[in-house]
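Visitor: Take this structure, written in structure tokens, and hold onto it; I'll ask about it next.
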Amino acid sequence: MLTPTLTRPWLMADLGAPMRVLSFAPYRPGFVTAQHIVWRELRNADLPPEVCVSDWISSEMAKVGHAEAVGMLTSRNVTKFQRAEAEIDGTRVAAMATVGLGNAERIGSRTPRDWGVEQFGTINIAVQLSEAVTETAQIEALSIAAQARTAAVMEAGLSFPHGPVTGTGTDCLALAAPDGAQEYAGLHTALGEAIGAAVYTAVAKGAAVWVGENPEMMRKVFGG
């Protein structure tokens, strides 16, 4: 599950077979069929204001043979990715995450920023379920993954004067599962528990690495 291949600036997660992927990724969002979920590392210089993001990523994905994949963008060094698995009562979930917190946000607010400065932000997460689920259950599963991400970020200890950081302004999640009949993926199910455990672990590890790498930003921005 979620077998990684790293060729910087690309990070690819192989699902092992084509399956239904739900995401709000910049490339092939929504419900689509794909075998790969791909990260493209970039810098501000790659996307100046006059460049259309959707056109750019479509071109980049096609150049390297990822036209049928789901594609996410990150300014985080993709070699810092984290992977975690959880198995609950025979239900398996794998998660991969790249975690940058330089453009951190508190839910319900927008922090003034100098967007010309590299912030190395964004949390990008790929999740794969072993269970075959309905589209409705897959939507619920994506919400559980988002909860797990938020819990991990809040426990990383970053805080603004108006409250703890809950994510970044450009987070992205992609969740893959076989098409099937299982209708529920909530916190009272083995599937929901496994999703939460795998995503929380991957994001918590990634957040800890980022915090350790950025003591100056922790001091200036978050008072750490």
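Visitor: Within the stretch 41-74, track down each residue that is open to solvent by less than 60 Å² (accessible area, probe 1.4 Å), in contact (Cβ under 8 Å) with a residue 24 or more places away in the chain, under 25 Å from residue 210 (Cβ atoms) and not in a loop (DSSP other than H, G, I, E, B).
Guide: 41, 57, 70, 71, 72, 73, 74 - these are the residues of the stretch 41-74 that are open to solvent by less than 60 Å² (accessible area, probe 1.4 Å), in contact (Cβ under 8 Å) with a residue 24 or more places away in the chain, under 25 Å from residue 210 (Cβ atoms) and not in a loop (DSSP other than H, G, I, E, B).
Visitor: Restricting the stretch 5-29 to residues that are over 14 Å from the mean Cα position of the chain (by Cα), part of a strand (DSSP E or B) and touching a residue at least 24 places away in the same chain (Cβ under 8 Å), which is surrounded by the fewest Cβ atoms within 10 Å (Cβ to Cβ)? Talk me through it step by step, then tell me what you get.
Guide: Step one: of the stretch 5-29, the residues over 14 Å from the mean Cα position of the chain (by Cα) are 5-10, 14-20, 28.
From what is left, the residues that are part of a strand (DSSP E or B) are 5-7, 10, 14-20.
Right, trim to touching a residue at least 24 places away in the same chain (Cβ under 8 Å) and you get 6, 10, 15, 19-20.
Details: 6: 12, 10: 17, 15: 22, 19: 16, 20: 18.
That would be 6.
Visitor: Additional query: Please go through the stretch 75-102 and pick out each residue that is among the polar types (S, T, N, Q) and buried (at least 24 other Cβ atoms within 10 Å of the Cβ).
Guide: Taking the stretch 75-102 as the starting set, the residues that turn out to be among the polar types (S, T, N, Q) are 75, 77, 79, 82, 91, 98.
Of everything in the stretch 75-102, just one residue is among the polar types (S, T, N, Q) and buried (at least 24 other Cβ atoms within 10 Å of the Cβ), namely 98.
Visitor: Take the residues in the stretch 181-197 that are in contact with an Asp or Glu (Cβ under 6 Å, 6 or more places away or on another chain) and assigned to a helix (DSSP H, G or I), then tell me which one is surrounded by the most Cβ atoms within 10 Å (Cβ to Cβ).
Guide: By that ranking, first place goes to 191.
Visitor: Could you tell me which of the residues 98, 111 is among the hydroxyl-bearing types (Ser, Thr, Tyr), under 30 Å from residue 162 (Cβ atoms) and under 12 Å from the mean Cα position of the chain (by Cα)? Working first, answer last.
Guide: Values: 111 fails: under 12 Å from the mean Cα position of the chain (by Cα).
Matching residue, one of 98, 111: 98.
Visitor: Which pairs turn up if I take residues in the stretch 198-211 that are touching a residue at least 24 places away in the same chain (Cβ under 8 Å) and more than 16 Å from residue 168 (Cα to Cα) and look for partners that are open to solvent by less than 30 Å² (accessible area, probe 1.4 Å) and of a type in the set (Phe, Trp, Tyr) with beta carbon separation below 6 Å, at least 6 apart in sequence or on another chain?
Guide: Qualifying pairs under 6 Å: none.
The values are calculated or read from the model by the stated rules, or taken from the named source; none is laboratory data. Note that the coordinates shown come from a computational prediction; the quantities given were computed from them, not determined experimentally. In this analysis, Cβ positions are derived from the backbone assuming ideal geometry, glycine residues included, and neighbour counts consider all displayed protein chains. With ligands, DNA and RNA removed, areas are computed over all heavy atoms of the protein, side chains included. Shrake-Rupley method; radii C 1.70, N 1.55, O 1.52, S 1.80 Å.
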